[in-house]
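Reviewing the structure listed below.
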Amino acid sequence: MNIFEKMETDNYEQLVVCQDKHSGLKAIIAIHDTTLGPALGGARMWNYESEEAAFEDALRLAKGMTYKNAAAGLNLGGGKAVIIGNPRQDKSEALFRAFGRYIQSLNGRYITAEDVGTAEADMDMIHTETDYVTGMTPQAGESGDPSPMTALGIYCGMKAAAKEAFGTEDLSGKKIAIQGVGSVSYQLCEYLYEDGASLVVTDIHKPSADRAVREFRAEAVDPADIYDVECDIFSPCALGSVLNNDTIKKLKAKVVAGSANNQLATDEDGNSLYQRGIVYAPDYIINAGGVINIAEGLVGYNKDRAANKIRAIFDNVQKVLEISKRDNIPTNQAADRLAEERISTLQQSRKQFLKEERNILPHKTR
């Protein structure tokens, strides 16, 4: 992997390699773009198969956060950190505090939060060394578990996509197939059940599916059968890359809207959905409730204010759909365009001010 070539191609600003032999810390912080503000993105802890895989994940995720934060209307750029290690065995106070010192050394260019393999309590330990962290425990004055707020955003985005497909945002009577019943999608099921929707669920962890059957009168199917369900809305809420050449052909739904990250196996799969007339709510648009919620912690967390901003995901999905129709492009491309247009506008604005500042600088004399 040619690091500098990759950074130049995708316009990354900074890559920081962190190590502390006493605590065992091995981490990478990738900052993609800070046009809109400091780079916000979680710290993922994973037992990567190679250092190259860790670098690739950090870079990929950092760029994704630039687009997610920009499209969500946040005044924040995109960054990500990965900590190489087994989250079940290698966590320690010393490791997270060492990581916090590296974050502090960046003087606010990067703000971290919880992600896969890390939790609120880990953020509390990082906070002992730096203020550039959010997503901590309620005891530290923040929101705690972001799942309910993420689910609220999925619910609002799903209603916007339903309005496009069915002419109404009312989900009563709609049959919704939900792939994966984790903490976010369990909350989503509750919203949908209260709205009068009919639920079909699946999960590789059978007790999770059984809980939805028991509490929301859902029908459970085997994981392999979820794509064949006759339904109005398909909601991928588990693994990524589930929308691919094989599964898209099976879908009977008019809408795809769910919480999973990286739902499309390739960009071309977004075009396949578009060509079939399926309304797709792009994942990083609809699942932005989590990052909106933790961003609120940067200004003093207020639950009502956070919820109001997350409900605006309904409007954001509508904007994506409008761009899709305006430019005759799939919604995944429209989502990228929404983010890129906002970044470009701010870049041009800043260039103008920098130009004026340069014009008034005195010339150096020899």
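Looking only at the range 232-247, which residues are in contact with a Ser or Thr (Cβ under 8 Å, 6 or more places away or on another chain) and farther than 23 Å from Lys159 by Cβ?
Within the range 232-247, Asn244, Asn245 qualify.
Among the residues that make up the range 312-320, is at least one of them closer than 19 Å to Ala162 by Cα, assigned by TED's automatic domain parsing to the domain that holds Thr266, in contact (Cβ under 8 Å) with a residue 60 or more places away in the chain and not in a helix (DSSP H, G or I)?
yes
Output yes when any residue across the range 266-283 is among the aromatic types (Phe, Trp, Tyr) and under 22 Å from Gly153 (Cβ atoms), and no when none is.
Within the range 266-283, one or more residues are among the aromatic types (Phe, Trp, Tyr) and under 22 Å from Gly153 (Cβ atoms).
May I ask you to list pairs of residues, at least six apart or on different chains, whose Cβ atoms are under 8 Å apart, with the first in the range 111-130 being modelled with pLDDT of 90 or more and the second being polar (S, T, N, Q) and crowded, with 20+ Cβ neighbours inside 10 Å?
From the range 111-130, the pairs are Ile111/Thr134; Thr112/Thr134; Ala113/Thr134; Met123/Thr112; Met123/Thr134; Ile126/Thr112.
Only one of these is among the small types (Gly, Ala, Ser) and either in contact with a Gly (Cβ under 7 Å, 6 or more places away or on another chain) or within 23 Å of Phe166 (Cβ to Cβ) (or both): Ala295, Ala281. Name it.
Among Ala295, Ala281, only Ala281 is among the small types (Gly, Ala, Ser) and either in contact with a Gly (Cβ under 7 Å, 6 or more places away or on another chain) or within 23 Å of Phe166 (Cβ to Cβ) (or both).
Which of the helices (runs of 4 or more DSSP H) contained wholly in the range 163-269 include at least 3 residues that are buried (at least 21 other Cβ atoms within 10 Å of the Cβ)?
The helices (runs of 4 or more DSSP H) meeting that bar are 183-194.
When the range 110-131 is examined, which residues are found to be assigned to a loop (DSSP other than H, G, I, E, B), within 24 Å of Gly85 (Cβ to Cβ) and either small (Gly, Ala, Ser) or more than 19 Å from the chain's Cα centre (by Cα) (or both)?
Ala113, Gly117, Ala119, Thr128, Glu129, Thr130
Could you list, in sequence order, the residues of the range 76-101 that are assigned to a loop (DSSP other than H, G, I, E, B), at pLDDT 95 or above and either within 21 Å of Gly157 (Cβ to Cβ) or of a type in the set (Lys, Arg) (or both)?
Leu76, Lys91
Based on this model, can you work out whether Asn2 counts as surrounded by fewer than 14 Cβ atoms within 10 Å (Cβ to Cβ) and either within 11 Å of Ala81 (Cα to Cα) or under 22 Å from the mean Cα position of the chain (by Cα) (or both)?
It is false that Asn2 is surrounded by fewer than 14 Cβ atoms within 10 Å (Cβ to Cβ) and either within 11 Å of Ala81 (Cα to Cα) or under 22 Å from the mean Cα position of the chain (by Cα) (or both).
Have a look at Met65, Met7, Met45 and point out the one that is surrounded by fewer than 18 Cβ atoms within 10 Å (Cβ to Cβ) and not in a loop (DSSP other than H, G, I, E, B).
Being surrounded by fewer than 18 Cβ atoms within 10 Å (Cβ to Cβ) and not in a loop (DSSP other than H, G, I, E, B) holds for just one of Met65, Met7, Met45, which is Met7.
The values are calculated or read from the model by the stated rules, or taken from the named source; none is laboratory data. Just so it is clear, the structure is predicted and the values come from calculations on it, not from any experiment. All Cβ positions, even for glycine, are placed from backbone atoms using ideal geometry, and neighbour counts span all protein chains on display.
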